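Participant: Take this structure, written in structure tokens, and hold onto it; I'll ask about it next.
Derivation of every value follows stated rules applied to the coordinates shown; laboratory data play no part. Remember, it's a predicted structure, so these values are computed and weren't measured experimentally. Glycine gets a Cβ as well: all are built from the backbone with ideal geometry, and neighbour counts include every protein chain shown.
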């Protein structure tokens, strides 16, 4: 387990090593450690920062220790993205939220799930706190940075504010009713 400070120090060295291709810094980090993280010299800073952002986006700044022994590969990210697309495609009404409708873990998720329940139709939900890989990658796919996120008919509707505004204006309930599967 590495502390947030140790990870930050490593990331700084890794950025320098990869951007300038400094073999001395790579040796200082440790060849085995570098190989474990798939260091490729002379990558662009944008590529490196995108990868590091994805890898470490779930770190909390609370000072807790985190396990950084399991790097995320491009293949793993692609698999996560495919899983998210499949969830969206197979659920006509889907809410990505913190917690569950019965036990929401943030006020915004609570409001969004209450509005959906008020519409009177069944909906699916994904707890992003229990699925950190989804939490880290969904914002890239949806181009929406915050949670909760509501999808109806495979399309992003928006977050808590939009859900509330659409419900108040009377727009949301008909969308929910139209998207809900017909029960036989």
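Participant: Taking only C-alpha pairs under 8 Å that are 6+ residues apart, what is the relative contact order of the range 71-182 in percent?
Facilitator: Relative contact order, the range 71-182: 32 percent.
Participant: How far is it, in nm, from the label point at residue 73 to the one at residue 177 when both lie 7 Å from their Cα along the line to the Cβ?
Facilitator: Here the answer is 5.0 nm between the modelled labels.
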